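Visitor: Once you've had a glance at the structure underneath, I'll fire off some questions.
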Amino acid sequence: MVATLERPAAAPKRAQQRRDVNLRIPGPTTLPPAVRKAVAEQMINHRGPEFAALLGEITQGTQRVFATSHDVLFFPASGTGGLEAAIVNQFSPGDRVLSITVGSFGERWCEIARAFGLDVDHMQLEWGSAADPAAVAARLEANGPFRGVLITHNETSTGVTNPVDRIASTVRRHGALYLVDAVSSMGAIPLQTDAWNVDVAITGSQKAWMCPPGMTMLSVSPRAWEAHACATLPRSYFDFGAARDYQRRGQTPYTPAVGIMYALRAALRLINKEGLEKVFRRHHLVAERARKGLRALGLELAADCRHFSDTVTSVKAPPGTDLKAAFARLRDEHGVVLATGQERWRDTHFRIGHLGHVRRADVDHALDALGAILGRATTTSS
Ligand SMILES: *Cc1c(COP(=O)(O)O)cnc(C)c1O
């Protein structure tokens, strides 16, 4: 899925020697020094008082970022595990749901819903576009009633941020549960979980949270708890109820991802220190800089300009560019790692991640390297 998978078995010497590769993919993101230090901490008893304190601190910190006063649960899993958890805890076989998709991650969630036997109405929108609140309202009216609506807040494959806030009131009026994949937005792009009536929001440790991959965090609204009580899809490991019951006692039902929790504690302290509003602002400014710089290089951005993502930018590759060769040179000569396009955009687009521990200089460095590479790549190929 990401460029690093195409790396030859033995990494080239220069890249190997470079201690800080400018990892500009939309997750995993780079770890700030304080987080790297936290990851190296000694293990503790996950049924002891130190763990209870750790769980308490990260629960509160995560709730602040989610802007929720309700439950936030933690499961060892990548973001996709969180998406599956949301489905099995909210629905029963045959429940009718509306799945709004604008790219690969939305389509993945739609497939998960289908795999669990839900009756899915797939509102499949063009890649690069965003969901239109009026069109969603019309769809709910025409094809409903729906038990739930699944939507991606930030579509990482295309670099589009959906207007989740403006769609929220329509969904609530319709009476459906509102489930939001916020894996690549939460902590970088504002999402007011409670104020926007989001019933379950899902995120993942390796994106804006500046942590290693392996943990998913989800919010559960009071309405979602009511749905959980009636939902009959089989669930075991991902059962919200067990997670909540143990969390009240400062524990988790099964062995938690202690190392990632250390990382999250350190990352939340950094977010607190910077201030969440400033974190959002930094992401916006860095993203604007990336977009401006890419356009200055004569590159065309793939997303609807009214819905640009502040965490990832998708770019159309200039015709005739050998993307594979360009990526290798970016990595080996400049220490810059970008992400390829996904699925149908694999050979035609590339992506730059700018989320988490990202500063202006990181984006400038990537843009400079891209300019150097593409300048040559385009002249040789034309
Ligand atoms: C990264 C991501 C996911 C989850 O991917 P995992 O590889 O399972 O962590 C889901 N949705 C979006 C929008 C993402 O960016």
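Visitor: For the range 300-349 and the range 216-258, what is the separation of their Cα centres, given in Å?
Guide: Comparing the Cα centres of the range 300-349 and the range 216-258, I get a distance of 38 Å.
Visitor: Please list 204-210, 119-125 highest first by mean number of surrounding beta-carbon atoms within 10 Å per residue.
Guide: Per-residue mean Cβ counts within 10 Å order the peptides as 204-210, 119-125.
Visitor: Here is a further query. If you take every residue apart from residue 361 with its C-beta less than 13 Å away from the C-beta of residue 361, what net charge results, scoring Lys and Arg +1 and Asp and Glu -1?
Guide: The answer is +1.
Visitor: If the reach is capped at under 19 angstrom between alpha carbons, list the lysines near residue 324, excluding any in the same chain fewer than eight residues apart.
Guide: Straight-line reach from residue 324, under 19 Å: 13, 316.
Visitor: Taking the Cα centre of the range 11-138 as origin, work out the dipole magnitude from +1 charges on Lys and Arg Cβ and -1 charges on Asp and Glu Cβ, in debye rounded to 20.
Guide: Magnitude of the dipole: close to 940 debye.
Visitor: Which order results if 274, 111 are arranged by neighbouring Cβ count within 10 Å, fewest first?
Guide: Ascending number of Cβ neighbours within 10 Å: 274, 111.
Visitor: If you don't mind, another one. For the range 71-159, what does the relative contact order come out to in percent, with C-alpha contacts under 8 Å and a separation of six or more?
Guide: 37
Visitor: For a quick check: sort 309, 92 by the number of other beta carbons within 10 angstrom, fewest at the front.
Guide: The fewest-first ordering by Cβ neighbours comes to 92, 309.
Visitor: Sticking with this structure for a sec: Can you compute the helix-only [θ] at 222 nm over the chain? Use -39500 (n - 2.57) per DSSP H run of at least 4 residues, normalise by all residues, nearest 500 deg cm²/dmol.
Guide: -13500 deg cm²/dmol
Visitor: What size of dipole, in debye to the nearest 20, comes out for the chain about its Cα centre when the only charges are +1 on Lys and Arg C-beta atoms and -1 on Asp and Glu C-beta atoms?
Guide: Using only the charged Cβ atoms, the result is roughly 1120 debye.
Visitor: Place +1 on the Cβ of every Lys and Arg and -1 on the Cβ of every Asp and Glu in the range 240-366, take the dipole about the Cα centre, and give the residue among 241, 320, 290 whose Cα lies farthest towards its positive end.
Guide: So the residue we want is 241.
Visitor: Per residue and in Å³, how big is the convex hull formed by the alpha-carbon atoms of the range 166-248?
Guide: Cα-based convex hull of the range 166-248, divided per residue, equals 115 Å³.
Visitor: Could you identify which residue out of 140, 83, 264 has the top mean-square fluctuation in a GNM of the chain using Cα springs shorter than 10 Å?
Guide: Among 140, 83, 264, the largest GNM mean-square fluctuation belongs to 140.
Visitor: Starting at the first residue of the range 41-53, write each ³J(HN,Hα) from the Karplus equation 6.51 cos²θ - 1.76 cosθ + 1.60 with θ = phi - 60°, in whole Hz, x for Gly and Pro.
Guide: Computed from phi, the couplings for the range 41-53 are 5, 5, 6, 10, 6, 6, 10, x, x, 5, 5, 4, 5 Hz.
Visitor: Under a 5 Å amide H to amide H cut-off, with H placed in plane at 1.01 Å, what residues pair with residue 177 once short-range neighbours are removed?
Guide: Residues meeting the criterion, in which the H sits 1.01 Å from N, are 148, 149.
Visitor: Additional query: Given charges of +1 on the Cβ of Lys and Arg and -1 on the Cβ of Asp and Glu, with all other atoms neutral, how large is the dipole of the range 131-243 about its Cα centre, in debye to the nearest 20?
Guide: Approximately 100 debye in magnitude.
Visitor: Name the residue, out of 351, 281, 248, whose mean-square fluctuation peaks in a Gaussian network model built on the chain with Cα pairs under 10 Å.
Guide: 248
Visitor: Could you state the orientation-averaged shadow area of the convex hull built on the Cα atoms of the chain, in nm² to one decimal?
Guide: Reported value for the Cα convex hull: 18.5 nm².
Visitor: Put one equal scatterer on each alpha carbon of the range 16-143, apply the Debye formula with no solvent term, and list log10 I(q)/I(0) at q = 0.09, 0.17 1/Å to two decimals.
Guide: The calculated log intensity ratios at q = 0.09, 0.17 Å⁻¹ are -0.45, -1.14.
Visitor: Return, ordered by residue number, the residues of the range 208-238 whose backbone nitrogen is under 17 Å from a label point located 7 Å along Cα→Cβ of residue 20.
Guide: Within reach of a label on residue 20, which here means backbone N under 17 Å from a point 7 Å along Cα→Cβ, the range 208-238 contributes 210-211.
Visitor: In cubic angstrom, how much convex hull volume per residue do the alpha carbon atoms of the range 173-221 span?
Guide: In the range 173-221, the Cα hull volume divided by residue count equals 67 Å³.
Visitor: Same structure again: Roughly speaking, what is the centre-to-centre gap between the range 186-210 and the range 27-105 when only Cα atoms are used, to the nearest Å?
Guide: Each part's Cα centre sits 10 Å from the other's.
Visitor: Relative contact order, percent, of the chain when contacts are C-alpha pairs under 8 Å separated by at least 6 residues?
Guide: RCO, the chain: 25 percent.
Visitor: Taking θ = phi - 60°, what integer Hz values does the Karplus form 6.51 cos²θ - 1.76 cosθ + 1.60 yield along the range 306-323, in sequence order, with x for Gly and Pro?
Guide: Residue by residue, the range 306-323 yields 7, 10, 4, 7, 8, 10, 8, 10, 9, 10, 7, 6, x, x, x, 6, 7, 4 Hz.
Visitor: If you plug each phi of the range 233-246 into the Karplus form 6.51 cos²θ - 1.76 cosθ + 1.60 with θ = phi - 60°, what whole-Hz ³J(HN,Hα) values come out, in order, with x for Gly and Pro?
Guide: Those phi angles translate into 4, x, 8, 9, 4, 8, 5, 4, x, 5, 4, 5, 4, 5 Hz.
Visitor: Given the options 97, 21, 88, state which has the largest fluctuation in a GNM of the chain using a 10 Å cut-off (strictly under) for Cα springs.
Guide: Sorting by GNM fluctuation, first place goes to 21.
Visitor: Of the beta bridges DSSP finds with both residues in the chain, what % are antiparallel, to the nearest 5?
Guide: Of all bridge pairs located within the chain, approximately 50 percent are antiparallel.
Visitor: Below 10 angstrom from the Cβ of residue 156, what's the summed charge of the other residues (Lys, Arg +1; Asp, Glu -1)?
Guide: Surrounding charge for residue 156 is 0.
Visitor: Provide Rg over Rh for the range 87-145; use the alpha carbon set for both Rg and the Kirkwood Rh (inverse mean inverse pair distance).
Guide: Here the Rg-to-Rh quotient is 0.97.
Every number here is computed from the coordinates shown, using simple stated rules; none is lab data. A quick note: this is a predicted structure, and the numbers were derived from the prediction, not measured. Cβ atoms come from the backbone with ideal geometry, glycine included; neighbour counts cover every protein chain shown.
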